[in-house]
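First comes the structure, then the notes that go with it.
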Amino acid sequence: MKTRSTKIRIVKDRYSRARGGRSKLIRILCKRCKAEVLTYQKDGPGWLKRCYLNRIVWPQKLARLQRNRRVREPGDMDALRCESCKAVIGIPTRHKDARLAYAIVPGSFIRRDATSSKD
Ligand SMILES: [Zn+2]
């Protein structure tokens, strides 16, 4: 029997617990060209307004930003763009809880469920 192992793990921390502990992975696709932009751990219910850097699980290039010490301010980040057609999907911002994030441009993306957390 073949099993496909995945390195993607749901992160449990104070941020996800603050949102009720229910997290799931979603995929963000570019609305214009349907290319995959990122995979994201969404904590709690509701519409997606921003993507926190510490919740981006794919691609590596974006997931690594949270550990990049040179990225301290929204001005240190590039706009989040579709790699394929270069459409702008997100604008660098800082949330009120001090986490860096991309504010998602309404209507620029398609949201798909990836997997749900089991516990
Ligand atoms: Zn695109």
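The values are calculated or read from the model by the stated rules, or taken from the named source; none is laboratory data. Keep in mind that this is a model prediction, so the values were computed, not measured. Note that we place each Cβ from the backbone using ideal geometry, even for glycine, and neighbour counts take in every protein chain shown. Remember, those area values only see protein heavy atoms, side chains included, never the ligands or the DNA or RNA. Shrake-Rupley method; radii C 1.70, N 1.55, O 1.52, S 1.80 Å.
Some notes on this structure:
- Hey, Leu62 within 16 Å of the ligand (Cβ to nearest atom) and in contact with a helix residue (DSSP H, G or I) (Cβ under 9 Å, 6 or more places away or on another chain) or not: yes
- Segment 39-58, subset without any contact (Cβ under 8 Å) to a residue 24 or more places away in the chain and assigned to a loop (DSSP other than H, G, I, E, B), residue most open to solvent (accessible area, probe 1.4 Å): Trp47
- If you go through segment 59-79 and keep only what is free of Cβ contacts under 8 Å to residues at least 24 places away in the same chain and part of a helix (DSSP H, G or I), you end up with Gln60, Lys61, Ala63, Arg64, Arg67, Gly75, Asp76.
- Evaluation of Met77 against (1) in contact with a Pro (Cβ under 9 Å, 6 or more places away or on another chain); (2) within 16 Å of the ligand (Cβ to nearest atom); (3) open to solvent by less than 40 Å² (accessible area, probe 1.4 Å) (one fails), failing number: (2)
- Candidate set from segment 22-38 (those that are in a strand (DSSP E or B) and within 16 Å of the ligand (Cβ to nearest atom)); member that is farthest from the chain's Cα centre (by Cα): Cys30
- Subset of segment 80-119 (residues that are open to solvent by less than 40 Å² (accessible area, probe 1.4 Å), within 16 Å of the ligand (Cβ to nearest atom) and outside any strand (DSSP E or B)): Cys82, Cys85, Ala87, Ser108
- If only residues of segment 35-54 that are touching a helix residue (DSSP H, G or I) at 6+ places or on another chain (Cβ under 8 Å) and among the charged types (D, E, K, R) are counted, the one that is nearest to Asp13 (Cα to Cα) is Asp43.
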